[in-house]
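Please read the structure below before turning to the comments.
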Amino acid sequence: MPAIEVKNLYKIFGSNKGRVFPLLEQGKSKEDILAKTGCTVGISNASFTIEQGETFVVMGLSGSGKSTVLRCLNRIIEPTRGKVLVEGSDIMKMSREQLLQVRRKKMSMVFQHFALLPHRTVLKNVEYGLEVSGVDKDIRTKSAYEALELVGLKGYENSMPGELSGGMKQRVGLARALANNAEILLMDEAFSALDPLIRAQMQDELLELQSRVHKTIVFITHDLDEALKLGDRIVIMRDGAVVQIGSPEEILTKPADEYVAKFVQNVDRTKVISASSIMHRAPTITAPREGPQVAIRRMEKHGVSTLYVTNANRQLLGILTIDSAVELAKSGRKDLSGWIVDNVYTTTEDTPIADLVGTAISTKYPLVVLDKNNHFCGIVDRASIIAEFNRETDTDGAVIPLEQTLESSITLADNMEVDND
């Protein structure tokens, strides 16, 4: 069952809501509707599904409706029309008491400006939600200590909010959200108030924390780089409507329209595009079942001078060259062991190509891409990586010279001690 399902959600601000929907059906713009009715379209027919354990990022410019959507998920803002299902239950049909239980037990919220109580210690701030819910003191204190340790604030329990840095305050807010063990975290531009260095650090810490706790996270941001870094999937909104939903890679490589294309045009694609996107298949041979004669025939068929050798489980053993295969065939030997080149660089399907360029420039052979079970998937060659780097453009839209794009990576490669002979 999905964690959250949003179906045909609308939020209209103003007193003449009934006049708005016919205009929306006619395709009138948000500005036209405001001029004709005095109503503001906050959300317009938004639909999406958020899976359990997913980090789902909602992004857009100011006024796009992203924060309004977040507040409709727990009915802090009352939707005008549509459905919001939380683990299958429609919150639009819930009584006030039922809704309070959802907010206290299923969802927690992390705010942009920390929202800490200045007169309470760190520990007391983290306990606050549980205290309001009537949880026994010993239980809530234990939960608060555990949450603080989880976010790296063990030892700061008795500090006051005014004694903490911005990043530490946000960790307290995150610990407070985690303390009630809710499965869904709603994070409204949680890192926007932080300076760039602390913001980047908090992003890394959230990724590390999510790898341990596997919560469902709905994260609001106007920063595309932040969305690409954090999101399993991203929804881009404009004027209250959903423009595109997809993985970071899909958003970059297959923008739905000109608006999204302009949104992503200055992003460093090489930090997001993964090895799997530029990987291509390569002929293989299975050892010990197949020998040098099969290898020669396969190389001839595919027009290559090397084969990738795997075992029966598709796990990489190394590379067999045409020279080695011919030598083995001449000698009448069938055993490939001892003739396989095993100093082959490997990478994973989700590795950004920016992390591969230094190795690709230095190594004699293409990089082998393995899946999470170490099974052979394909190869990434130097030409494919360089071609992707050559797509990068400067801020004026002109193509950056390849030598400039790769300068730092080549320098890195020159300093690497790699032996592929």
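Each value in this text was obtained by applying a stated rule to the coordinates, not by laboratory testing. Computed from a predicted model, the values in this text were never measured in an experiment. Neighbour counts run over all protein chains shown; Cβ positions are idealised from the backbone, glycine included.
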For this session: Run through all the Cα pairs of the range 133-174 and give the fraction in each 5 Å bin from 0, expressed as whole percent.
Result: 5, 23, 30, 22, 15, 5, 0
Problem set entry | Listed candidates (i) 102, 50, 43; (ii) 116, 45, 40; (iii) 87, 58, 41 - label of the one calculated as Cα extents along the principal axes in Å | (iii)
Exercise. Percent relative contact order of the range 173-228, based on C-alpha pairs within less than 8 angstrom and at least six residues apart?
Worked result: 49 percent
Problem set entry | Virtual paramagnetic centre 7 Å along Cα→Cβ of D355, amide N under 19 Å, in the range 247-287 | 247-250, 252, 268-280
Problem set entry | Cα long-axis angle, helix 196-213 against the chain (0 to 90 degrees, to the nearest 10) | 80 degrees
Problem set entry | Within the chain, percent of DSSP bridges classed antiparallel, to nearest 5 | 60 percent
For this session: Could you check the simple spin-label distance between E97 and Y259, using points 7 Å along Cα→Cβ, in nm with one decimal?
Result: 4.3 nm
Seminar exercise, completed: the range 18-56 and the range 259-302 have their Cα centres apart by a whole-number Å value of 43 Å
Problem set entry | Simple label model, 7 Å out from Cα along Cβ direction - M160 to L197, nm | 2.7 nm
Exercise. Helix-derived [θ] at 222 nm for the chain: sum -39500 (n - 2.57) over DSSP H runs of at least 4, divide by residue count, nearest 500?
Worked result: -11000 deg cm²/dmol
For this session: Take peptides 176-182, 149-155, 193-199, 103-109 and line them up by average Cβ neighbours within 10 Å, highest first, as a rough protection proxy.
Result: 176-182, 103-109, 149-155, 193-199
Exercise. What angle do you read, to the nearest 10 degrees and between 0 and 90, between the alpha-carbon axis of helix 166-179 and the longest principal axis of the chain?
Worked result: 80 degrees
Exercise. Extension gain H214-E131, at 0.36 nm per residue separation less the Cα-Cα distance, in nm?
Worked result: 27.4 nm
Problem set entry | Segment D138-K271, length gained on full extension (0.36 nm per residue, minus Cα span) | 43.3 nm
Exercise. If you take the beta carbon distance between E78 and T286 as r and set R0 to 51 Å, what does 1/(1 + (r/R0)^6) give as a FRET efficiency, to the nearest 0.05?
Worked result: 0.25
Seminar exercise, completed: Which of K11/K83; K215/K262; K66/K229 exceed 20 Å between C-alpha atoms? The answer is K215/K262
